[in-house]
Every structure is written in structure tokens, then in C-alpha cells.
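Each remark here refers to the structure printed beneath this line.
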Amino acid sequence: MPVLSEDSGLHETLALLTSQLRPDSNHKEEMGFLKDVFSEKSLSYLMKIHEKLRHYERQSPTPVLHSAAGLVEDVIEELQTAPVNNEEKELLQLLSTPHLRAMLVVHDTVAQKNFDPVLPPLPDNFDDDFDEESVKIVRLVKNKEPLGATIRRDEHTGAVIVARIMRGGAADRSGLVHVGDELREVNGIAVLHKRPEEISQILAQSQGSITLKIIPAIKEEDRLKDSKVFMRALFCYNPKEDRAIPCQEAGLPFKRRHILEVVSQDDPTWWQAKRVGDTNLRAGLIPSKQFQERRLMYRRSIGTQPNPRTVKRPL
């Protein structure tokens, strides 16, 4: 077996590992799956990006200027106020191109570490109706992506409760919203007497800054535990056709033979998963193995499911 040097990169290690995979009569399908995963171009690209970032961290480069765009404006103004030769004219044209100027603006943003979005100030009267220690104001920034949380109505109190946090969504990335939290307001709109469908529509239509007024759960649950389980789907699934799913928009569609990474099995009925190779980092809901098997057994018992094959199996 070839030996890697100390300077070998991760993508070289991955390529070597892929070349060393050999067919095994007892684990032929599993070996084929591993080879497919290791041969994914997207995985190789991620390895190379990781190496570039590590190299960047070791170099610890620092910007020479924090206002390169301003310097270019001064140079352009200087060139425009005096006669120029051919080389200076070419420089003026180059500095005036929109792509270069946009790149310099990005450079200044990174150099100044001006990454945080500008948010409006919090309202002055946000705690009028609540105890100061019991209310929590959460402000999130999201684009067109879903918030990444599902809600339910408490049968006893009628309160709107956060039922589920989707892995990789805006709510999950913030770390400020937890399962069991009571939702009172969305962007200043009271939601206590609204139906969950109306609240979901308000959340979906909110873009940019979204402010939530929350009563934290008495005992906030731990963040979802990591689960590294890969499964190959043996059936096609469309959440829009599943009337049992608690939120169709949160469902993850997949096709037969797709490789799924199950990231949470906290809910015995609805797992959270991502498609391997998918660029979307947000997880979606899929029926759990046990729940889907029960559905298949029921359908077979009433004669609507002739296929006896199991639904998914771990790799």
C-alpha cells in the first residue's frame, strides 16, 4: 500500500483511500456505497477548501489597507484631472470596471470585519405585559429560507409551542430558539389566538430581520444530539403527498437509492435527515423506519401495498 508523506493533503488521502477499496463478496453493496461517497466531486472540493483555509490560518495574513476602495477613488480622481498617457489611460479603465470596484468593497468589508447585519433597535415597551425575567426577545436574520422550526398548539393551555427545531435552519444556527419555548409575538404581531397555519404564513412571509417574543421553556431541552447514520432509500418519498407529516414544507423529498444522512432520531415518528451531496445544509423531515414499516404493514393488510420490501436500511 502506498505511503503518504506528511505534506499530503486531505483530498490526496481521500483519493488514495478510494483506490484501496476492493470488492468484498460479503460486503459488496457497502463497499460500493463507500466508493461512491469517497468519489463524490463535492467531497473532494470540500477537502481542498478545508486545506486552503488551514493554509490561510497558518499564514495569518493581515490587510495592508482597510479602505482600498477609497484609495482607488482618489487615484481615479487624480488621473481624471490631468493629461494621461496610454498606460495611465489603461489603468483608469481598469480601476473603473464594476467588477474590480466590487471586489475592493468586499476586501474592505473583510478587512474591517464588518460582517454583522445592521438591525433596527428593539422596541422600548417589549416587556410591558411580561415579567422581565420570563420574556426573551430573539432577533434572527433570514433570507428566503424557512425559519426551520415547527409549532403546535398546547391542548391544555392553548399556547403556541415550538415543537421541533430543524437541523441547519435559521433557528438552529442561532441557538436562541428551543423546543418547548412558547411563542407570543412575531414581528410585533400577537399569535396567541391565531391558528398555527396563520403563524406559519407570517413566519414564511417575513424576510430579513425577524423578531420573536418568546417565553422560554421552564427547562430548556438540550440541543439535538449528533447522529451520524447513513441510509439508502428503497422507496420514493414526496412530503406534499403525505397527509401524516406534521409540516409538509419541512419535509425532505427523496428518490429510491438516494443516500440520506439521518441527523436526528429524537422523534420516534419523524426523523431529520439530509441528502448526501446536497448543498442545502438544512435538514428535513422523513418518516422514521419504524413508522414507515407500520404504514406498509397496514397498507398490505388492506391490500393497497403489494411490495413486501422494507423501507430503508442502515449502511
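The values are calculated or read from the model by the stated rules, or taken from the named source; none is laboratory data. Worth saying up front: this structure is predicted, and the values here are computed from it rather than measured. Neighbour counts are summed over all protein chains in view; Cβ atoms, including those assigned to glycine, are modelled from backbone coordinates with ideal geometry. Accessible surface areas use protein heavy atoms only, side chains included; no ligands, DNA or RNA. Shrake-Rupley method; radii C 1.70, N 1.55, O 1.52, S 1.80 Å.
Could you count how many residues in region 153-168 are without any contact (Cβ under 8 Å) to a residue 60 or more places away in the chain and either touching a Phe, Trp or Tyr at 6+ places or on another chain (Cβ under 8 Å) or at negative phi (or both)?
First, pick out the residues of region 153-168 that are without any contact (Cβ under 8 Å) to a residue 60 or more places away in the chain: 153-162, 165.
Filter once more, so that each one left must be either touching a Phe, Trp or Tyr at 6+ places or on another chain (Cβ under 8 Å) or at negative phi (or both): 153-157, 159-162, 165.
Matching residues across region 153-168 total 10.
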Test result for Lys48, at pLDDT 75 or above and among the charged types (D, E, K, R): yes
Residues of region 270-315 satisfying the condition of being more than 29 Å from Lys28 (Cβ to Cβ), part of a loop (DSSP other than H, G, I, E, B) and either modelled with pLDDT of 85 or more or open to solvent by less than 70 Å² (accessible area, probe 1.4 Å) (or both): Arg282, Ala283, Gly303
Of residues in region 45-104 being part of a loop (DSSP other than H, G, I, E, B) and open to solvent by 100 Å² or more (accessible area, probe 1.4 Å), the one nearest to Thr279 (Cα to Cα): Thr62
Checklist (1) modelled with pLDDT of 85 or more; (2) under 30 Å from Glu185 (Cβ atoms); (3) open to solvent by 50 Å² or more (accessible area, probe 1.4 Å); (4) not small (Gly, Ala, Ser) applied to Arg256, failing item: (2)
The listed residue being closer than 19 Å to Gln272 by Cβ and either modelled with pLDDT under 80 or of a type in the set (Gly, Ala, Ser) (or both), out of Asp172, Asp181, Asp226, Asp242: Asp226
Selection within region 143-163 - open to solvent by less than 30 Å² (accessible area, probe 1.4 Å), assigned to a strand (DSSP E or B) and closer than 21 Å to Ala273 by Cα: Thr150, Val162
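Please enumerate the residues belonging to region 169-192 that are closer than 15 Å to Val135 by Cβ and in contact (Cβ under 8 Å) with a residue 24 or more places away in the chain. Full working, then the answer.
Initial filter on region 169-192 (closer than 15 Å to Val135 by Cβ): 176-178, 181-186, 188, 190-192.
If the condition is that a residue be closer than 15 Å to Val135 by Cβ and in contact (Cβ under 8 Å) with a residue 24 or more places away in the chain, then Leu176, Val177, His178, Asp181, Glu182, Leu183, Arg184, Glu185, Val186, Gly188, Val191, Leu192 are the ones that fit.
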Given (1) modelled with pLDDT of 80 or more; (2) within 24 Å of Leu252 (Cβ to Cβ), index of the condition Leu203 fails: (1)
